[in-house]
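To start, the structure itself, in structure tokens.
The values are calculated or read from the model by the stated rules, or taken from the named source; none is laboratory data. None of the values given here were measured: they were computed from a predicted structure. Positions of Cβ are backbone-derived with ideal geometry, glycine not excepted, and every protein chain shown enters the neighbour counts. For accessibility, only protein heavy atoms count, side chains too; no ligands or nucleic acids. Shrake-Rupley method; radii C 1.70, N 1.55, O 1.52, S 1.80 Å.
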Amino acid sequence: MRKKSLFVFALAAFMAMSASAQTFVKGTAKIERNNAVLTLPQKNKAKKAAKAEGQTGLAANQKYVGFTMPSTVPDPNQGVGMPNYPNDNSAAASLLTKDLVSKYEGCKIVGMRFALCSTIGSTNVFVIPIDAQGNINDPVLQKEVKSTEVGWNTVMFDNPYTISTSTLSGYLVGFEYAQKGTNSQESYPLAASGSSDGAIYLYNNLGKGEGWYGVQGAGDLMVQLIVEREGGFAAYDLSLDGLVTLPYAKQGGESQLQLVCHNSGTGSVDKATFGLKLDGEKLGSFAYNKEIAGDQVAIPVTFDVPEGYTIGDHKLEAYVETVQEQEPDPTSDLTDDNAEATFRVYDESMNRQKQLVEQMTSQWCLNCPYGYNVLNKLADKRNDLVWVSLHSDYSGKSDDYKTQEGEYLSSLLTAAFPSAAFNRYYYGDTSMNPYGTVAMAIGYPAQYQEQAAEFFNELIDYSAQSYPSFSSIDIASNYDKATSKASVKVSGRTVKDFEQSFGKDAVLTVYLIEDGLTGKQKMPTGMTSPKYSHPHVVRKVVSGPLGDKLVLNGNTFEMDYSDIDIDSEWNADNMSVVAFVSRPITGGVDSQGYVVLTSDVDDAWVDNTETVKLGQTVTGIANIDANGKAVTEVARYTVDGQRIAQPVKGLNIVKMSNGQTLKVLVK
């Protein structure tokens, strides 16, 4: 299993370079974020940080230009670096592409600024043009900086440079530094922000010789040009950075969106109106009468989905109508005055029976006991979890509980141990999911475990709110002790518009798991415990590892799995069947030979999950709320009134979120 923070990649745009030019090359090294011990932000506490500068401190005809907006520098313990590759002659840069810089054609570069999470002493800053063929040329601007500090460092050049992009593909803008090899604060000096698909460019020897390497996973390097334009820039210029919506909305109901924007102008903005269109037809306008500065502002908006609107995908568009009670300045950059998003309209939904947690772990991962502790605390908070553990080999050592299918799935869903996927819901915030994978890191030490468990508890609820369920699951299982053979029948029903609501390519995955196992486990102390409890171990993936295509007969399905061998070393009395319907995922091999997810990371979610003891039967409670909301189980009792966490054999009394009380026979 590969464990990484960032991965080195080769840029296709820079593959056709001359032999005499410096080039971006592919390597096998991994850049690291300074997060040896995972931490969580303190809830309900204001984070002390320097106020974002916006465009303040500049002359009226000057402006910051870069992929990272003027923003607060990350906390020093959030720096990134490459301590495994110490080099006194390293450099870090951001590649400002032609698409970005060409907006400032004819403007002058008069300075730059760069952010640090740890001081680097003296440095040289530079601006290097990249020609249309990808060749890295000599610097057009450079300057020595005698000292640096944590936070923003501003440098003004002695001789301005006029931007001309007609023969260029972009500019490398950055600074030199000495990459330290010790695992200390000074080893992680670089500040980054933005999404995990941003890029940092490093000059170092990462296995393919000294040269420029591109790395992803931490965002963009926080570096910006200071450009100057004769006549100045527009005072009022809002940039729309994105439109975020819930992925599903009910016909005739309300939905929510967040419009993310920032102030790119030189003047202060505290009044703005935005228009909203649905499939090209205007829905209305909304006002925002608070300050919009250089940092991103997320504006929450509730909107109505028309009754009878077509089930399926629809486009939502937001755009700037007025700024400070004026129409957008025609001299401003109008190309970023609108943002779009798609969402799916549905009519009916079903009860979400269980919530799936897939843990990626190994007996030889010394931080994995932290992950078990977090998930145990999460299980204490809910009675609807189905927790499965996928084991893998680690650091060249064999895990007693690994399966080939489980190891393959772990490679697709995660990049680090310990981690877990929650309904395979993708959470894209890099502060909590720096690897940008379906599974999220769960290796929190003791002082953070309760807070982490509560975060994942809320994340599960949010995933269920974001993705309604459109199918139900029944499981009938049999086990023959004489032959050590099992059979499983998974059936269910769907809403009438399942294919329009969920898709035509749904898959069914079936696991066999075993509880009550004890075995060796590497502990955070470095010692190996000989009798560590290993719960919910996936013994067999009964279906294909990526699931089997869900075959519908109208609005029902029935899929049989027979002649399943139960190994003589397994305890069938402690085994359960887990079945779930989900979006399909696909895998492949990347350029470095690693197995990776090749389908969209945010298109893997689980529609519904159910579980039952091997040899027993459970019938899913498929119910559709009159308001289209998922009807969920809130409590389960035996016939004598004792509350239970899981279905037990016999008659179960089930209370639902819509007030219903149901009698369910568990065979």
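I'd like to check something: does region 216-229 contain any residue that is more than 29 Å from Ile292 (Cβ to Cβ), touching a residue at least 12 places away in the same chain (Cβ under 8 Å), surrounded by fewer than 21 Cβ atoms within 10 Å (Cβ to Cβ) and in contact with a Leu (Cβ under 9 Å, 6 or more places away or on another chain)? Yes, the conditions are met somewhere in region 216-229.
Table: residues versus (1) hydroxyl-bearing (Ser, Thr, Tyr); (2) at pLDDT 90 or above; (3) within 28 Å of the chain's Cα centre (by Cα).
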position	(1), (2), (3)
Ile31	no, no, yes
Lys48	no, no, yes
Thr56	yes, no, no
Asp88	no, yes, no
Ile120	no, yes, no
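How about region 368-405: which of its residues are closer than 15 Å to His534 by Cα, open to solvent by less than 20 Å² (accessible area, probe 1.4 Å), in a helix (DSSP H, G or I) and not hydroxyl-bearing (Ser, Thr, Tyr)? Listed by number, the residues that qualify are Cys368, Pro369, Gly371, Val374, Leu375.
Of all residues in region 344-358, none are open to solvent by less than 10 Å² (accessible area, probe 1.4 Å), more than 26 Å from the chain's Cα centre (by Cα) and more than 22 Å from Val577 (Cβ to Cβ). Checking each residue of region 462-484 against the condition of being under 17 Å from Leu375 (Cα atoms) and part of a loop (DSSP other than H, G, I, E, B) gives no match. Taken over region 289-299, the criterion of being open to solvent by less than 40 Å² (accessible area, probe 1.4 Å) and either under 14 Å from Thr342 (Cβ atoms) or assigned to a strand (DSSP E or B) (or both) is satisfied by Ile292, Val297, Ile299.
Against the conditions (1) in contact (Cβ under 8 Å) with a residue 24 or more places away in the chain; (2) open to solvent by 10 Å² or more (accessible area, probe 1.4 Å), Gln447 satisfies every one except (1).
Results for (1) closer than 30 Å to Gly516 by Cβ; (2) modelled with pLDDT of 95 or more, shown as yes or no for each residue.
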position	(1), (2)
Trp605	no, yes
Thr609	yes, yes
Asp625	no, no
Ala630	no, no
Tyr637	yes, no
Ser657	no, no
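Out of Ser147, Ser118, I need the residue that is of a type in the set (Gly, Ala, Ser), part of a loop (DSSP other than H, G, I, E, B), under 19 Å from Glu176 (Cα atoms) and touching a helix residue (DSSP H, G or I) at 6+ places or on another chain (Cβ under 8 Å). Which one?
Of Ser147, Ser118, the one residue that is of a type in the set (Gly, Ala, Ser), part of a loop (DSSP other than H, G, I, E, B), under 19 Å from Glu176 (Cα atoms) and touching a helix residue (DSSP H, G or I) at 6+ places or on another chain (Cβ under 8 Å) is Ser118.
Scanning region 300-332 for residues that are of a type in the set (D, E, K, R) and either closer than 17 Å to Gln500 by Cα or open to solvent by 40 Å² or more (accessible area, probe 1.4 Å) (or both) yields Asp304, Glu307, Asp313, Lys315, Glu321, Glu325, Glu327, Asp329. The sole residue among Val510, Val581, Val488, Val541 that is in contact with a Leu (Cβ under 6 Å, 6 or more places away or on another chain) and touching a residue at least 40 places away in the same chain (Cβ under 8 Å) is Val581.
For region 611-623, the set of residues classified as assigned to a strand (DSSP E or B) and either charged (D, E, K, R) or modelled with pLDDT under 95 (or both) consists of Lys613, Thr617, Val618, listed by residue number.
Residues to consider are Ser591, Ser576; find the one that is touching a residue at least 40 places away in the same chain (Cβ under 8 Å) and either closer than 23 Å to Tyr467 by Cβ or within 26 Å of the chain's Cα centre (by Cα) (or both).
Working: Ser576 fails: either closer than 23 Å to Tyr467 by Cβ or within 26 Å of the chain's Cα centre (by Cα) (or both).
Unique residue meeting the criteria: Ser591.
Only one entry of Thr322, Thr361 meets the criterion of being of a type in the set (Val, Ile, Thr), in contact (Cβ under 8 Å) with a residue 12 or more places away in the chain and in contact with a helix residue (DSSP H, G or I) (Cβ under 7 Å, 6 or more places away or on another chain), and that entry is Thr361.
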